[in-house]
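Below you'll find the structure, written out as structure tokens, and then a few comments.
The values are calculated or read from the model by the stated rules, or taken from the named source; none is laboratory data. Keep in mind it's a predicted model, so treat the numbers as computed, not measured. Cβ atoms come from the backbone with ideal geometry, glycine included; neighbour counts cover every protein chain shown.
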Amino acid sequence: MPIRDLGYKPYEGQLLPHRTRYRVLIRRNLSLAWGSGLVKTSIILGSFPLVICGVIMYLKVQGMRFFASRLAQMGAQADQLQVPTVDDPAVYVFYCMYWCQLWFAFAISLIVAAPAIANDVRTGAFSFYFARPVDRGHYLLGKLVPVALLVMIISAGPALLLALLRLGLSDQGGEALSHLPLLLSTVAYAPIYAVVIALPPVALSALSRNSGAIQGLWAAVFFASWLLGEVTAAATEVPYAALISIPTDLRLVGQYLFGQEPSYALPWYLPAGVLALVVAGSTYVLLRRLGKVEVFA
């Protein structure tokens with residue numbers, strides 16, 4: 001039933017500036033998401049890989065320096081010995097961000113993003129939003145930005161701290177400068193990571209009022225595509241089959257950005273193109289759903 005038939009009338013009175021309405025909705029939805037105990041638990045547990053990777057990185061760097069100083073003191077006796085090398089710090093930063101934090105980021109998307117619109121439709125709040133001075137853009141960003149921010153905090157936060165730790169462990173300016181691309185790679189990867197994890201479940205939530213069904217559907221899409229893509233690629237020895245997996249595409253893009261050897265010998269633009277199609281399809285679903293809404297703003 002249209003909201004006009006329910007007795008709602010357009011808002012009359014002084015309106016906040018257009019940009020302020022975005023801020024109000026984002027702050028409100030972020031507050032509601034943060035109020036969930038599961039979200040707080042995911043973020044707290046997500047800090048453990050940071051601590052573990054940070055300790056390992058610190059011990060390896062300091063251990064290398066200790067052996068180097070000892071060998072220097074030994075002089076000629078150390079000619080046949082070799083200083084231990086330290087793993088590429090990009091390994092710690094990327095694998096912490098992808099393999100460790102992906103599970104916590106997915107949990108955030110499952111808890112916050114998947115029910116985002118479905119709960120509004122189920123409770124009747126969906127139509128009521130647009131009886132206020134709120135348009136489709138306000139509503140859409142108000143739902144997407146909080147989820148993306150939480151995903152970026154739980155994924156890019158630890159990666160940035162690890163990159164800063166490696167910079168802080170540098171002895172010389174030249175060494176620090178050589179590790180600066182870690183920060184740039186993390187900053188470039190973070191928004192891709194956040195959009196891919198946050199946008200599809202929000203789009204799926206626009207398809208039904210049953211939030212539980214949407215959460216199950218998002219989990220099935222995420223993990224079934226992962227399993228099917230990896231198993232098919234391994235069984236057929238056709239690496240292109242792995243492209244049907246959203247997590248695999250996200251991993252390949254990250255490996256190229258961090259200078260790591262890709263899991264599959266595929267050009268970077270193929271997984272990037274698949275992710276672009278996923279984002280474009282999700283955006284289309286959202287805009288099509290919101291296009292059917294009566295807006296009284």
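Here is how the numbers come out for the structure above:
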{"read-out": "Scan of segment 103-133 for residues that are of a type in the set (V, I, T), over 18 Å from K40 (Cα atoms) and touching a helix residue (DSSP H, G or I) at 6+ places or on another chain (Cβ under 6 Å), ordered by number", "value": "I117"}
{"read-out": "Helices (runs of 4 or more DSSP H) lying entirely in segment 1-104 (those with 2 or more residues that are surrounded by fewer than 11 Cβ atoms within 10 Å (Cβ to Cβ) and at pLDDT below 70)", "value": "48-74"}
{"read-out": "The listed residue being more than 17 Å from C100 (Cβ to Cβ) and over 21 Å from the mean Cα position of the chain (by Cα), out of G216, G168", "value": "G168"}
{"read-out": "Some residue of segment 176-186 being closer than 26 Å to G157 by Cβ, touching a residue at least 24 places away in the same chain (Cβ under 8 Å) and either touching a Lys or Arg at 6+ places or on another chain (Cβ under 9 Å) or among the aliphatic types (A, V, I, L, M) (or both)", "value": "yes"}
{"read-out": "Residues (among the aliphatic types (A, V, I, L, M) and within 30 Å of D120 (Cβ to Cβ)) located in segment 244-273", "value": "I246, L250"}
{"read-out": "Residues of segment 225-254 classified as surrounded by fewer than 21 Cβ atoms within 10 Å (Cβ to Cβ), under 21 Å from V279 (Cα atoms) and of a type in the set (S, T, N, Q), total", "value": "1"}
{"read-out": "First in segment 98-115 and under 15 Å from A156 (Cβ atoms), second anywhere and among the basic types (K, R) and outside any loop (DSSP other than H, G, I, E, B), Cβ under 7 Å, 6 or more apart", "value": "Y98/R251"}
